[in-house]
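Working notes, beginning with the structure itself.
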Amino acid sequence: MPVSERTRILIVGAGPAGLVLGNLLRAADITCVIVERQSRAHVEQRGRAGFLAPDVVRVLDENGLAKGLHAAGQLHGTCAFRGEHGQFELNYGELGQRQVHTVYPQQQLVADLIAEFLDRGGDIRFGTTVTAMHGLDGDSPSIDCRETDGRTYRISGEYAAGCDGQHGVALRQMPAGAAQGFRRYHGVTWLAILAQAPPSMTAVTYAVHDRGFAGHMARSATVTRYYLQVPRGEAPGDWSDARIWDELGTRMRTGEYGPLREGPILERATVDLSSAVSVPMQYGRLFLAGDAAGLISPSAAKGANLAIVTARTLAVALTDALARDDQRGLARYSDACLPRMWHAQEFSHWMVNLLHGPAADGEDAAFMRLLQRARLVSLRDLRSHQDYFAENYVGI
Ligand SMILES: Cc1cc2nc3c(=O)[nH]c(=O)nc-3n(C[C@H](O)[C@H](O)[C@H](O)COP(=O)(O)OP(=O)(O)OC[C@H]3O[C@@H](n4cnc5c(N)ncnc54)[C@H](O)[C@@H]3O)c2cc1C
């Protein structure tokens, strides 16, 4: 396929990573094209993350990307744990580094980032799939694009950024042996639920139950996210609205703590809690950012946060390379990102073990259940454990 267009930076994917990268490049007057296989309406309605760390809010603020977030985001500094041991709250805004989250639905942030990118004169192609990447080890990488009507074309650039998640095209284009992929399935699957219902509690609530984990997280005054641990392979369609509210009620112990505010279920999807890290996060002139570079289980709500900070690191390195002919940031891009990535993975894994009992009723199941209970009691009673939790829960 002949090259039909040229730009400086090729960005695959219009999630938080691709859009933050694109906006920062446009602010530095660097031309780029973002190619996104979904429609604009789809990415602006895809409900996922909501909890943003203060460091991430600062990155968005410093780059003129936080207007919507400050207008409609809500500050959250408390979470609660429920279980056999009773219920306790952690006011993490008063523990550790005394930091709080800003809750702002990811789809709203994505919509803000798209609008701002277009305002900055950005070029974004929705409904266009990148089917292959070429020349990544040379000085002029290119991407093959296919539009929904079947039209195909090739764009070349100086660098390419894979911001297209774990199932995108960029990871697959790294030649065998160029990077090592470290992966883990945590043995836990969640049914992720978005309900058209006001939050039932003031705090994020994690319920630990012998039937499995349940979680409650406010998204807005009218929408709440819930999670239910379910067997792997369960079909979301098997969970009717009534079954979901029933199971949430049992695990959230509504008999003791009061009823949930119910409403229609807007979305239900299963998520296998898995993690993956690519080492390094770059090959030739291809750089991975966000979920493409490292997937993290949603147990500690870090994915969108990591996507934004890796995109910022990459934007600074690309700007130095293109505007100042300084390649050092690009050369050490992986080394700059990986320690933060592994730190987040470690805490996320700790959260998985805090929130979930043993996956099966093996001979050590009772032991593991009691260990989990002891971990929760330590968190309830020991200030050192609470400070560790607060610092890592909000930090990135
Ligand atoms: C249920 C759920 C809850 C979550 N909750 C939180 C939370 O509270 N806090 C948090 O920080 N994180 C959370 N996350 C994780 C967070 O949503 C992700 O980590 C984040 O979206 C990653 O951003 P990204 O830009 O790297 O990738 P994505 O947002 O996945 O964007 C990648 C884009 O690339 C596009 N694409 C893929 N392949 C191609 C191709 N070949 N050509 C063109 N485009 C392509 C995709 O359509 C997609 O739009 C949650 C995730 C889930 C599933």
Amide H proximity to Trp239 below 5 Å, modelled H, separation 5+ or other chain, gives none
Here the Cα Rg-to-2.2 N^0.38 Å ratio for segment 243-282 is 1.95
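Which of the peptides 56-66, 99-109 is most tightly packed, and how do the rest follow, going by the mean number of other Cβ atoms within 10 Å of each residue?
Final packing ranking: 99-109, 56-66.
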Residue-ordered couplings for segment 255-272, obtained by feeding phi - 60° into the Karplus form 6.51 cos²θ - 1.76 cosθ + 1.60 and rounding to whole Hz (Gly and Pro as x), are x, 8, 10, x, x, 8, 8, 8, x, x, 7, 7, 8, 9, 8, 8, 10, 6
In whole Å, largest first, the alpha carbons of the chain cover along the principal axes 66, 43, 41
So the pair-distance distribution of segment 1-54, from every Cα-Cα distance in 5 Å bins, comes to percents of 4, 16, 22, 22, 17, 13, 4, 2, 1, 0
From fewest to most C-beta neighbours within 10 Å, the residues Arg383, Arg82 line up as Arg383, Arg82
With only helices counted (DSSP H, runs n ≥ 4, each -39500 (n - 2.57)), the per-residue ellipticity at 222 nm for the chain, to the nearest 500, works out to -11000 deg cm²/dmol
When the chain is treated as a Gaussian network with springs between alpha carbons less than 10 Å apart, the largest mean-square fluctuation among Ala360, Ala214, Ala289 is found at Ala360
Amide H neighbours of Ala132 at under 5 Å, excluding residues fewer than 5 places away on the same chain, with H built from the backbone geometry, are Asp144
Cα-based Rg then Dmax for segment 167-301, in Å, read 18.1, 58
Across Leu228, Leu118, Leu25, the residue with the highest GNM fluctuation in the chain (Cα network, 10 Å cutoff) is Leu118
For Gln97, the residues 5 or more places away or on another chain with a placed amide H closer than 5 Å to its own amide H are Glu391
Ranked by GNM mean-square fluctuation in the chain (Cα springs under 10 Å), the top entry among Glu116, Glu267, Glu363 is Glu363
Here segment 71-79 yields Karplus 3J(HN,Hα) values (6.51, -1.76, 1.60; θ = phi - 60°; whole Hz; Gly and Pro given as x) of 6, 10, x, 10, 7, 10, x, 9, 9
Here segment 56-68 yields Karplus 3J(HN,Hα) values (6.51, -1.76, 1.60; θ = phi - 60°; whole Hz; Gly and Pro given as x) of 6, 4, 4, 4, 5, 4, 4, 10, x, 10, 10, 4, x
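A short reminder: the numbers here are calculations on the coordinates, not readings from a lab. Given the structure is predicted, the values throughout are model-derived calculations rather than measurements. Note that each Cβ is placed from the backbone with ideal geometry, even for glycine, and that neighbours are counted across all protein chains shown.
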